[in-house]
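Participant: Sharing a structure here in structure tokens format.
The values are calculated or read from the model by the stated rules, or taken from the named source; none is laboratory data. Keep in mind it's a predicted model, so treat the numbers as computed, not measured. Every residue, glycine as well, gets a Cβ built from its backbone with ideal geometry; the counts of neighbours run over all protein chains shown.
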Amino acid sequence: MVNFWRNIHRRPLQLLLQELDERGISAEHLVAGRIKKFDTIVDKLTRRNAIANLAAMDDIAGCRIVVPDLGRQAALCDALYEVPECDTAWSDRHDYIGSPKESGYRGRHLLFRYQDPRHGYALPIELQVRTEHQHAWATAVEMYDEVAADRLKFGEGQSQADRFFRRISVVMRQLEERGRVEPSSIRSLDDGTDGLQAALDILRMLSAASQSVYVLGGGKEVAPESYCLVDFDPAEQVVELTEVCPEVALETYFASEDDPDREGHNFVLLRGATLDKLKDLYPNYFGDISRFVTIFNDLIYKNLPAFA
């Protein structure tokens, strides 16, 4: 049943990628698309406060776009609201800029619904639009969960790390919205422990987690009009990049997903990307979040009163 549901969401992914192409969005921004993995779906259905069933899961198919700043984020979302298939009511409720999650997560999630002609379902596809700083925060949380065997991403994490990432999120929000930081509002998240020491301990843990990943086919830049298939084998720590032309991009992606010899691999389809841009979008595939550790170090040392 899960795999049937994954398979019929291929069409919404194809239609949204085409929409982004036709509107020139793919040419301006790095766009990634994927179908949620089987194991990830099962985890989402069985974890604490799980959603009721597969039909209630809106992100079986998903895309992600990372933009430089809040202004670009707002402009892009306004343009996407004009797409006829955009569910604006759902998208308004998932505006995590106006109303960040309790964890500190920020971003804009937009939902598009495409009618499935064969089965009669209105199938959703979720598009995440993040700024570079919002993406840095979210990726660092994912990496911390991997290193510490924690579940901060799902609101089930340790209190010390949770407070650290909520503080960082508030710092980023104030800088993006006001251009300055108010230390008193950051310190209000403290629980009486040494916030600065906790922050430095977590940063050291993230820095130490970087590991070497072997990259195949990453030596050249993919043409803007072409697609890049990313095949990440976690067991072997190998990332393989293959350039594919637009006409067969989705067919190649789905064939790779169905390949029994590559069970357990993670696949993402990107529209034109250098290796450096790919590392920015999916640093967890490369075990390297040094860029994000640098961002956090800079934020902390420039705003020591907020953490002391």
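Participant: Does the range 29-48 hold any residues that are touching a residue at least 40 places away in the same chain (Cβ under 8 Å) and not in a helix (DSSP H, G or I), and which are they?
Facilitator: Once the filter is applied, which keeps residues that are touching a residue at least 40 places away in the same chain (Cβ under 8 Å) and not in a helix (DSSP H, G or I), the range 29-48 yields 29, 30, 31, 32, 33, 34, 35, 37, 47, 48.
Participant: What is the one condition in (1) among the charged types (D, E, K, R); (2) modelled with pLDDT under 90; (3) not in a loop (DSSP other than H, G, I, E, B) that residue 102 does not satisfy?
Facilitator: (3)
Participant: Here is a follow-up. Is at least one residue of the range 1-19 outside any helix (DSSP H, G or I), surrounded by fewer than 16 Cβ atoms within 10 Å (Cβ to Cβ), over 18 Å from the mean Cα position of the chain (by Cα) and modelled with pLDDT under 90?
Facilitator: Looking only at the range 1-19, we keep the residues that are outside any helix (DSSP H, G or I), and these are 1, 9.
After this cut, where a residue has to be surrounded by fewer than 16 Cβ atoms within 10 Å (Cβ to Cβ) as well, the list is 1.
Still in the list and also over 18 Å from the mean Cα position of the chain (by Cα): 1.
Among the residues that remain, those that are also modelled with pLDDT under 90 are: 1.
Yes, some residue in the range 1-19 is outside any helix (DSSP H, G or I), surrounded by fewer than 16 Cβ atoms within 10 Å (Cβ to Cβ), over 18 Å from the mean Cα position of the chain (by Cα) and modelled with pLDDT under 90.
Participant: So, in the range 30-44, exactly how many residues are modelled with pLDDT under 85, among the basic types (Lys, Arg) and within 13 Å of the chain's Cα centre (by Cα)?
Facilitator: The number of residues fulfilling the criteria is 0.
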